[in-house]
1. Counting just the residues of segment 12-59 that are touching a helix residue (DSSP H, G or I) at 6+ places or on another chain (Cβ under 8 Å) and either of a type in the set (Phe, Trp, Tyr) or part of a strand (DSSP E or B) (or both), which one comes out modelled with the lowest pLDDT?
2. Failed condition for residue 179, given (1) buried (at least 19 other Cβ atoms within 10 Å of the Cβ); (2) out of contact with any helix residue (DSSP H, G or I) (no Cβ under 9 Å at 6 or more places or on another chain); (3) closer than 27 Å to residue 241 by Cβ, with all others met?
3. Condition first: loosely packed, with under 15 Cβ neighbours inside 10 Å and of a type outside the set (A, V, I, L, M, F, W, C). Now tell me which residues in segment 285-298 satisfy that.
4. As an exercise: evaluate residue 192 against (1) at pLDDT below 95; (2) within 22 Å of the chain's Cα centre (by Cα); (3) among the aliphatic types (A, V, I, L, M) and give the number of the one condition it does not meet.
5. Quick one: would you say residue 267 is charged (D, E, K, R) and in contact (Cβ under 8 Å) with a residue 12 or more places away in the chain?
6. Being modelled with pLDDT of 95 or more and out of contact with any Ser or Thr (no Cβ under 9 Å at 6 or more places or on another chain) is the filter here, so list the residues in segment 235-244 that pass it.
7. Looking at residue 68, is it surrounded by fewer than 24 Cβ atoms within 10 Å (Cβ to Cβ), touching a strand residue (DSSP E or B) at 6+ places or on another chain (Cβ under 7 Å) and not in a strand (DSSP E or B)?
8. Tell me which residues, restricted to segment 50-62, are surrounded by fewer than 16 Cβ atoms within 10 Å (Cβ to Cβ) and within 19 Å of residue 120 (Cα to Cα).
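The values are calculated or read from the model by the stated rules, or taken from the named source; none is laboratory data. It should be emphasised that the depicted structure is a prediction, and the values quoted were computed from it without experimental measurement. FYI the Cβ positions are ideal-geometry reconstructions off the backbone, even for glycines, and counts take in every protein chain you see.
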Amino acid sequence: MRFKLLASVLASISTVLCGQAVAQNYPAKPIRIIVPFPAGGTSDILTRLIGAKLTESWGQQVLPDNRPGANGNIGADMVARAAPDAYTLVLMDVGNLAISPSLFPKLPFDILKDFAPVTVVSYSPHILASHPSMPARNVKDVIALAKARPGKLNYATGLGGAPHMAGLMFAYRTGINWAYIPTKGGFANILITTTGEADILFNGMLATLPHTKSGRLKLLAVSSEKRFPTLPDTPVVAETQGLEGFVTGSWQGVLAPAKTPPELVARLQTEIARIIHTPDIKEKLSSQGADPIGNSPAEMGKWLASEKDRWAKLIKATGFKLEQ
């Protein structure tokens, strides 16, 4: 019995020391971060920003790899199937990932079993914005306009993503009906709204705010719980009667394949959290409407499970289905 106990203790010590050695030598080659959306969106912006800083810190190239399609599921699946060595990661709107199980019954991966959460990088509330020619000036005007023209108000969105769910929840809570114009998401939402092809959108603040500042889009409201510090004069959607507690946004996070050694996950989380809280990066994010987070892998995993349940309830209540 004593020999078995001693062997078990020695094996545990060996595992810990081996894990520490792997973490100390990581990274020994370039890291690829899959961005499962087109270039120009929030995920792409953050990946390039953080990737450049990781390259500086570690002396290894951290390369973004845009693999858009299927609401981010194509790129996410690539990471779920990748070797669990922390050299292939995904940075994406993890809110999208939490929505997917309710919309894609044949999803090739399980979001809670096939990924190792690393950290939520930032939260960027959605901006409710319109083409400048739209007569609406605020949320109440949008509701009134939509009710006066049922099914006529055009809403730009990548189908099944977090911005789409924001529009779905807004319509469900207010009883309006608007026409969705499907896009590839992210920057495509912005593009067709600035050109006037679409009337309105909910979209991540980090990617959308510059276009409201330039006047190409009209800023109507923000979807955070409270007024955003950098936009103190812009109302939040939740201030409107009947929309209390309305909170949506772009939750950007990093995940690795399941079974990635915890020591490597911890090293990634520590370095990413350090980077996003350095004064220059924090200021850059805040000025564009994103709050740096950098929480622990366990906290991210718990949040992901909670979001999965949240959107499943909305999708069930509305009966919404994607055409497969």
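1. 37
2. If we test residue 179 against (1) buried (at least 19 other Cβ atoms within 10 Å of the Cβ); (2) out of contact with any helix residue (DSSP H, G or I) (no Cβ under 9 Å at 6 or more places or on another chain); (3) closer than 27 Å to residue 241 by Cβ, just (1) comes out false.
3. Once the filter is applied, which keeps residues that are loosely packed, with under 15 Cβ neighbours inside 10 Å and of a type outside the set (A, V, I, L, M, F, W, C), segment 285-298 yields only 287.
4. All conditions pass for residue 192, except number (1).
5. On the way: charged (D, E, K, R): yes; in contact (Cβ under 8 Å) with a residue 12 or more places away in the chain: yes.
In short, yes.
6. 235, 239, 244
7. On the way: surrounded by fewer than 24 Cβ atoms within 10 Å (Cβ to Cβ): yes; touching a strand residue (DSSP E or B) at 6+ places or on another chain (Cβ under 7 Å): no; not in a strand (DSSP E or B): yes.
Answer is no for this residue.
8. 52, the sole residue that qualifies.
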